[in-house]
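Everything below concerns the one structure shown next.
The values are calculated or read from the model by the stated rules, or taken from the named source; none is laboratory data. Only a predicted model underlies this, so the values are computations on that prediction, with no experimental measurement involved. Don't worry about glycine lacking a Cβ; one is built from the backbone with ideal geometry, like all the others, and counts go over all protein chains shown.
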Amino acid sequence: MPIIKELYRYPVKGLSPEALQIVQVTKGKAMPMDRCIALAHPETEFDPVNPKHQKKTAYLMLMRNEKLAALKSVFDGNSSVLQIYQNNQEIVSADLDDPEEIKDIETFFEHYLKGEVSGKPKVVFADSSDHTFSDVDAKVLSCINLESVKALEAATGQTIDPLRFRANIYFYGTPAWQEMDWIGKEFELGTAIVRGMKRTQRCAATNVNPKTAQRDLNVPKMLFENYNHSDLGIYLEVVKDGQIAVNDNFYVPNN
């Protein structure tokens, strides 16, 4: 039976994960505070009052900006303070309710990514908590079967940190790749009910080692060469409110 091993949210798109022990999820919504902030390219237009989904290339991201992996970010949703650390030292901190302090964050990334970004990135977030800067135009939970990661390791002879896949939910206890059969099925996850929505096609962001910030693997190529597809993980949509927690088990029906 599948068992949740780890839960994460990523408050700032492209920056570091924050581990959770328990989380309340809501029908039709993503994990709270997941990808709720982004660093937009200077030319990107974003309306916080009427936010719309845009391609991930509108924002800074690991697929193109692997140096982001060398930073640690901490966001306090109660105080709206975002802190950025490098080598365990705080580099910059800002209250995102203060436009002047936001400029400090933007100036830091302008210099940190000099040569990669033309101009000063913009900190963007929506007035509504419903909007997320996800790669997909849907409110979803991303989910990784750790047995599938192990199978890819065995097939390639490479060690693969599961955090490369930047998922919300990591689980074990079910055979590798079985999660691919969950599309369209509803099941309990903790006290919530979710539905398998679609497989997750991996991009070059997974090539970045989250510990070293180096591109040291080609994960989409490894997947395609061994399985004739570049998918690893699935997206789930919440169809009934509930709580999910580390060590929760869940049952997915065969039919």
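Residues being loosely packed, with under 14 Cβ neighbours inside 10 Å and either in the same structural domain as Lys56 (by TED's automatic domain parsing) or closer than 11 Å to Asp130 by Cα (or both): count how many of those fall in segment 16-44.
Number satisfying all stated conditions: 3.
In the set Glu106, Glu101, Glu110, Glu90, which member is part of a strand (DSSP E or B) and either in contact with a Cys (Cβ under 8 Å, 6 or more places away or on another chain) or acidic (Asp, Glu) (or both)? If you could, list the steps in order and put the result at the bottom.
On the way: Glu106 fails: part of a strand (DSSP E or B); Glu101 fails: part of a strand (DSSP E or B); Glu110 fails: part of a strand (DSSP E or B).
None of the others qualify; the one that does is Glu90.
Which of the following residues is exposed (fewer than 13 other Cβ atoms within 10 Å of the Cβ), of a type outside the set (S, T, N, Q), over 20 Å from Arg215 (Cα atoms) and in contact (Cβ under 8 Å) with a residue 40 or more places away in the chain: Asp97, Asp127, Asp47?
Asp127
Could you list all residues from segment 1-53 that are in a loop (DSSP other than H, G, I, E, B), under 13 Å from the mean Cα position of the chain (by Cα) and closer than 24 Å to Gln86 by Cα?
So the first thing to find is which residues in segment 1-53 are in a loop (DSSP other than H, G, I, E, B), and the list is 1-2, 10-11, 13-17, 21, 26-36, 41-53.
Cutting the leftovers down to under 13 Å from the mean Cα position of the chain (by Cα) gives us 10-11, 13-17, 30-36.
Matches in segment 1-53: Tyr10, Pro11, Lys13, Gly14, Leu15, Ser16, Pro17, Met33, Asp34, Arg35, Cys36.
So how many residues does segment 74-84 have that are under 14 Å from Ile102 (Cβ atoms) and touching a residue at least 24 places away in the same chain (Cβ under 8 Å)?
Going through segment 74-84 one residue at a time, the tally reaches 3.
Please go through segment 85-141 and pick out each residue that is closer than 19 Å to Leu71 by Cα, modelled with pLDDT of 95 or more and β-branched (Val, Ile, Thr).
If the condition is that a residue be closer than 19 Å to Leu71 by Cα, modelled with pLDDT of 95 or more and β-branched (Val, Ile, Thr), then Ile91, Val92, Ile102, Ile105, Thr107, Val123, Val124 are the ones that fit.
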